[in-house]
Amino acid sequence: MRPLAVIAIVAAVCTACGSDPVAPSATPARASFDPALISNGAQLAAIGNCQSCHTAEGGRSFAGGRAIETPFGTFYGTNITPDPDTGIGRWSEEAFARALREGVDREGRHLYPAFPYEYYTRLTDEDIHALYAYIATREPVRAENRPHELRAPFNMRSLLGTWKALYFERGTFRPDPARDAQWNRGAYLVNGLGHCGACHTPRGALGAEKKDQPFSGGVAEGWHGPALNAGSPAPVPWTAEQLFKYLRTGLDDVHAIAAGPMDPVVRNLARAPEEDVRAMAAYLEALAGPPSAERRKNADAALAQAKAGSRANGRGAEIYAGTCAACHDRGREAGSGGALPLALGTAMTIPTSSNLLRITLEGIAPPEGEPGRSMPGFADSLTDGQVKDLAAYIRSEFGRAAAWTDVDEELKKIREERR
Amino acid sequence: MISLEVNGKTQELDADPATPLLYVLRDHLQLNGAKFGCGLGQCGACSVLVDGRAVFSCVTPISTLAGRRITTLEGLGTPEKPGRVQRAFIAEQAAQCGYCIPGMIMQAQALLERTPHPTSAEIRKHMSGNLCRCGTHMRIMRAVERAAREP
């Protein structure tokens, strides 16, 4: 059945939409919170990547306004500073906890699942308490929320009750007694506060997680979030140590440099407790499982290719030689000032050309005023035809896979966004 | 032979197609405005215009430039008759060692061609790929703002 028909039918029978308001209450004074609790909340907020969606580019922290592009339209991150009129300054801890666990605002209205309460529902009371202490003690900023710009029928907030009835499962995290404490901590953070599945698990037409395909690769703001399970497209299987390094610094010299929506994630995780990031890495390593013999063989081949450099001829190879090779080729190593050899990167091996095209056109740049890895974008120096030649060459030479079929479409989309 | 259009003139060149534009400009055409800084597209000293957009000529192979319009610092004016952006940089004395300035001028030129009256934030964002190690940034900002005011 078509998704919209499903919505119509369920909406017709669903009357239990929305919840009662939680009475307004003034934000508790800073002195009422233990400083250690506030600092614990700060670290949790870093793992939750809260700031990323709730802060506009160059704007005040947590004051909202950042545009988030989705297949349903543009969402604008809301003001979650404790300003009483435009932020969440009238939210009690009860209202705050309910928003995280049930996706309902203080007034009782459903929240769009762009706010990842599907994951936050698993948070413990203690963590919510610490997060509340942190958010309630931020500087209040007066900034009106910008209304979301969503396509019909997604602009009808009342339909969210139906969506939740169909897809949202309220739940708590249940530790697996068969696993050790580190794995369980990682599982709690990855599936809860870290909401990794939001970008790394595929979603259906109505934006709900495909729960039978967890971590098999998803979408985030036009980028592909690679699979983290046994289907990982990484040419070299990740170890927990490498995952830790990447999540902490945004760089691992035989895998990746964080780009796109992953960049703020690693910037935030740099401030999270080390043992928490190690736990996430351990969980993710276990999630992918031990690599097969074939995968290990392919990894050896990729590592050998990365050392050897490229040899092929043709239009794409010529562009690669003059545009990319100075940094990416000739046995350079990502950790030593050079860039990642493309034979090791995931952008070349995933099913879509989106990540490679975005990096090629837009480059990689740290946020203004912050240090970080940088690659120039080639949107202005390469024509569409040249980008296609280059992408075709890189896919076959370094991705060692069949040609992408979505290059024209993705390229058009990125060019239009840049206008 | 590869044919390039540089500052309005067609140039025939005998060079490897993967040769960076920067090498051809400096070594074959004696257009020494664009500078070699890092050779990796990380500093902007080699910026020139291709079809009106600023590109890093050190990572732009000549094979990608057939039929496209290349403009270098020399194409904006002469010492006797400097162009608008060049005049603004001179008026603001926006140079210390000066090595990055040709790239800064080209980047500013590209900005002003598309955004004649940029805000200060737009200038900073647009110029962020061009590095200056002497710390002349405030003068460079003033020069770009001045160029935007002048006809």
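Listed values, structure above:
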{"item": "Complete set of residues in region A:310-324 that are small (G, A, S), open to solvent by 40 Å² or more (accessible area, probe 1.4 Å) and assigned to a loop (DSSP other than H, G, I, E, B)", "result": "A:A312"}
{"item": "Extreme residue, most open to solvent (accessible area, probe 1.4 Å), among residues of region A:117-127 that are under 17 Å from A:A272 (Cβ atoms) and out of contact with any Lys or Arg (no Cβ under 8 Å at 6 or more places or on another chain)", "result": "A:E126"}
{"item": "Complete set of residues in region A:368-410 that are more than 10 Å from chain B (Cβ to nearest Cβ), more than 19 Å from A:A317 (Cα to Cα) and touching a residue at least 24 places away in the same chain (Cβ under 8 Å)", "result": "A:E370, A:G372, A:R373, A:D406, A:E410"}
{"item": "Every pair of residues 6+ apart whose Cβ atoms lie under 9 Å, when the first sits in region A:165-184 and is part of a helix (DSSP H, G or I) while the second is loosely packed, with under 11 Cβ neighbours inside 10 Å and charged (D, E, K, R)", "result": "A:Q182/A:E275; A:W183/A:D176; A:N184/A:D176"}
{"item": "Which numbered condition B:E74 fails, given (1) acidic (D, E); (2) within 14 Å of chain A (Cβ to nearest Cβ); (3) under 12 Å from the mean Cα position of the chain (by Cα)", "result": "(2)"}
{"item": "Single match in B:R139, B:R146 (criterion: open to solvent by 70 Å² or more (accessible area, probe 1.4 Å), part of a helix (DSSP H, G or I) and modelled with pLDDT of 95 or more)", "result": "B:R139"}
{"item": "Some residue of region A:332-348 being within 14 Å of another protein chain (Cβ to nearest Cβ) and acidic (D, E)", "result": "no"}
{"item": "Strands (runs of 3 or more DSSP E) within region B:1-72 that include 3 or more residues open to solvent by 10 Å² or more (accessible area, probe 1.4 Å)", "result": "B:2-6, B:9-13, B:53-56"}
{"item": "Whichever residue in region A:64-87 is at pLDDT 95 or above and of a type in the set (S, T, Y) and, among such residues, is most open to solvent (accessible area, probe 1.4 Å)", "result": "A:T78"}
{"item": "Matching residues in region B:102-126 - criterion: being part of a helix (DSSP H, G or I) and open to solvent by 20 Å² or more (accessible area, probe 1.4 Å)", "result": "B:Q109, B:E113, B:R114, B:S120, B:A121, B:E122, B:R124, B:K125, B:H126"}
{"item": "Of all residues in region A:336-371 being open to solvent by 50 Å² or more (accessible area, probe 1.4 Å) and on the phi > 0 side of the Ramachandran plot, the one that is modelled with the highest pLDDT", "result": "A:G369"}
{"item": "Sole residue being polar (S, T, N, Q) and assigned to a loop (DSSP other than H, G, I, E, B), chosen from A:Q242, A:Q213", "result": "A:Q213"}
{"item": "Checking B:R87 against (1) surrounded by 15 or more Cβ atoms within 10 Å (Cβ to Cβ); (2) at positive phi; (3) away from every other protein chain (no Cβ under 14 Å), the condition it does not meet", "result": "(2)"}
{"item": "Hits in region A:96-109 (condition: in contact (Cβ under 8 Å) with a residue 60 or more places away in the chain and touching a Phe, Trp or Tyr at 6+ places or on another chain (Cβ under 8 Å))", "result": "A:R101, A:E102, A:G103, A:R106"}
{"item": "Residue tally, condition more than 14 Å from chain B (Cβ to nearest Cβ) and either in a loop (DSSP other than H, G, I, E, B) or touching a strand residue (DSSP E or B) at 6+ places or on another chain (Cβ under 9 Å) (or both), over region A:45-100", "result": "39"}
{"item": "Residue list for region A:192-210, filter: part of a strand (DSSP E or B) and either under 18 Å from A:I257 (Cα atoms) or open to solvent by less than 50 Å² (accessible area, probe 1.4 Å) (or both)", "result": "A:E209"}
{"item": "Residues of region A:220-236 satisfying the condition of being aliphatic (A, V, I, L, M) and buried (at least 18 other Cβ atoms within 10 Å of the Cβ)", "result": "A:A227, A:L228, A:A234, A:V236"}
{"item": "Complete set of residues in region A:132-145 that are closer than 26 Å to A:T74 by Cβ and open to solvent by less than 50 Å² (accessible area, probe 1.4 Å)", "result": "A:I135, A:V141, A:A143"}
{"item": "Residue check, B:R53 in contact with a Ser or Thr (Cβ under 8 Å, 6 or more places away or on another chain) and within 14 Å of another protein chain (Cβ to nearest Cβ)", "result": "yes"}
{"item": "Cross-chain or 6+ apart pairs with Cβ under 8 Å, region B:19-31 first and within 11 Å of another protein chain (Cβ to nearest Cβ), then in a loop (DSSP other than H, G, I, E, B) and of a type in the set (K, R)", "result": "none"}
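Residue-wise test of (1) among the β-branched types (V, I, T); (2) closer than 23 Å to A:E362 by Cβ; (3) open to solvent by less than 20 Å² (accessible area, probe 1.4 Å).
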| residue | (1), (2), (3) |
| --- | --- |
| A:W238 | no, no, no |
| A:E241 | no, no, no |
| A:L247 | no, yes, yes |
| A:G250 | no, yes, yes |
| A:V254 | yes, no, no |
| A:P261 | no, yes, no |
| A:V266 | yes, yes, yes |
| A:L269 | no, yes, yes |
| A:A281 | no, no, yes |
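The values are calculated or read from the model by the stated rules, or taken from the named source; none is laboratory data. Note that the coordinates shown come from a computational prediction; the quantities given were computed from them, not determined experimentally. Quick reminder, even Gly has a Cβ in these numbers, built from the backbone with ideal geometry, and neighbours come from all protein chains shown. We work out accessible area using only protein heavy atoms, side chains counted, and drop any ligands, DNA or RNA first. Shrake-Rupley method; radii C 1.70, N 1.55, O 1.52, S 1.80 Å.
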